[in-house]
1. Which of the residues that make up the range 187-240 are in contact (Cβ under 8 Å) with a residue 12 or more places away in the chain, of a type in the set (S, T, N, Q) and over 16 Å from Ala36 (Cα atoms)?
2. Looking at the range 142-163, I want the residues that are under 18 Å from Pro219 (Cα atoms) and part of a loop (DSSP other than H, G, I, E, B) and have a partner that is at pLDDT below 95 and not acidic (Asp, Glu) with Cβ atoms under 7 Å, at least 6 apart or on another chain. Which pairs are those?
3. Restricting the range 1-32 to residues that are closer than 19 Å to Gln124 by Cβ and of a type in the set (A, V, I, L, M), which is surrounded by the most Cβ atoms within 10 Å (Cβ to Cβ)?
4. Being within 17 Å of Phe129 (Cβ to Cβ) and free of Cβ contacts under 8 Å to residues at least 24 places away in the same chain is the filter; apply it to the range 74-86 and report the residue that is surrounded by the most Cβ atoms within 10 Å (Cβ to Cβ).
5. Tell me whether the range 1-20 contains one or more residues that are closer than 24 Å to Glu201 by Cα, assigned to a strand (DSSP E or B) and in contact (Cβ under 8 Å) with a residue 60 or more places away in the chain.
6. Do you know which residues across the range 221-236 are in contact with a Gly (Cβ under 7 Å, 6 or more places away or on another chain) and either among the aliphatic types (A, V, I, L, M) or within 26 Å of Pro20 (Cβ to Cβ) (or both)?
7. Mind checking which residues of the range 188-210 are surrounded by 12 or more Cβ atoms within 10 Å (Cβ to Cβ) and out of contact with any strand residue (DSSP E or B) (no Cβ under 6 Å at 6 or more places or on another chain)?
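The values are calculated or read from the model by the stated rules, or taken from the named source; none is laboratory data. All of these numbers come straight from a predicted model, not from anything done at the bench. Quick reminder, even Gly has a Cβ in these numbers, built from the backbone with ideal geometry, and neighbours come from all protein chains shown.
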Amino acid sequence: MIDLGLEGKGAVVSGAGNIPERAGHGRVTSLKLAEAGATVACIDIDRGRAEDTAAEVQSAGGKAFSVIADMTDPAQVQRAVDEAASQLGSIDVCVDIIGGATWDKVGDVTLEDWNWTIQNNLSQVFYLFQTVGRRMVEQGTGGSIVALASADGINAAAMHAPYGAAKAGVISLAKSFAQELGRHGIRVNTVAPGNVGSGNEDWPEGQWAVNTVNPLAPPRSRDIGNAVLFLSSALAERITGQTLVVDGGANIRELWGINEGNLEYFKAGRHD
C-alpha cells in the first residue's frame, strides 16, 4: 500500500460538520484523513454537526473529537486551535472548508451581502492560516495547510461576484503564505471544486460528457476529499502555493464554439 505519511498525525478540519443540502466536504475530508491514520479535530459552529462527524469517524474505526467554534471570530479561532492542539499534541494538517455564496447581479449586490461573503469565504481563511501557521512554525516539524477555493475564483462568477472575488483571494492568500512559510517546511495549497452541488454522489458510473459544462463528468464530494487528502499527504511534499482544480474539465473548454457540428466549415479552409 502507498504510505500517505499521515499515520499518527494530528489534523484540524474547520467546517467539518455536514449540512444535508450541501456537498459535505468537511465530513468527507474528516473521514478520509482519519482513514489515512490521522486523528481529526472536527471543528464546526454547530455542536450537533461537529459531534456527528466525529462520531462517524469513530464508527468507521478512526480517531476524532469535536471542537465548537465560530471560525469567523479571530478569538474563537485561536481558542479552537489551542483546544485542538492540546488534544492532538501537534497540528500537522489543517484544512479549511467553510464558505458560502449569496446571489445577485453585480449592480444589486448589497453591502451586507458583500461583507458577509468576504468574511465567511476569505477573512476566516486568513484567521485560520495565520493562527495555525504560527503554531506550525513553533512546532518546527513542518505541515500542510489546505483551503477550499473554487473554480469561480479562477473564472468569472456571474450573479455571485463577491464569492468569486473571495475565492480568488483565497488562492492568492495561499500563495503568499506558501512563500513565507516554506522555509519552515510548511506547505499551503488550495483545492478548487467545480459544480459539486449537493455532492453528485448519485452520478451514474461510466457516463461521460453528458452535459455542456463538464467534458468528463461533474466532480463528486469524494473527488474533492481525495484532492485534499493528496495535498495533505507526503505524496505532495514538494507541492506548495498551488491550486488543484477538480471540476470535471469545465475550465478546459475551448472558447470559440468549435464543435463537431461546425467542424467541416473550419476544415474547408483556414480561419484566423
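1. Hits for the range 187-240 are Asn189, Thr190, Asn195, Ser198, Asn200, Asn214, Ser221, Thr240.
2. Ile154/Asn251; Asn155/Asn251
3. Val13
4. We begin by selecting, within the range 74-86, every residue within 17 Å of Phe129 (Cβ to Cβ); these are 74-82, 84-85.
Narrowing further to those that are free of Cβ contacts under 8 Å to residues at least 24 places away in the same chain: 75-76, 79, 82.
Values: Ala75: 10, Gln76: 17, Arg79: 15, Asp82: 12.
Top of the filtered list is Gln76.
5. Yes, the range 1-20 has at least one match.
6. Those that are in contact with a Gly (Cβ under 7 Å, 6 or more places away or on another chain) and either among the aliphatic types (A, V, I, L, M) or within 26 Å of Pro20 (Cβ to Cβ) (or both): Ser221, Ala234.
7. Gly194, Asn195, Val196, Gly197, Ser198, Gly199, Asn200, Glu201, Trp203, Ala209
Residue-by-condition table, conditions (1) of a type in the set (Ser, Thr, Tyr); (2) modelled with pLDDT under 95:
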{"site": "Glu112", "(1), (2)": "no, no"}
{"site": "Thr117", "(1), (2)": "yes, no"}
{"site": "Met136", "(1), (2)": "no, no"}
{"site": "Ala147", "(1), (2)": "no, no"}
{"site": "Ala156", "(1), (2)": "no, yes"}
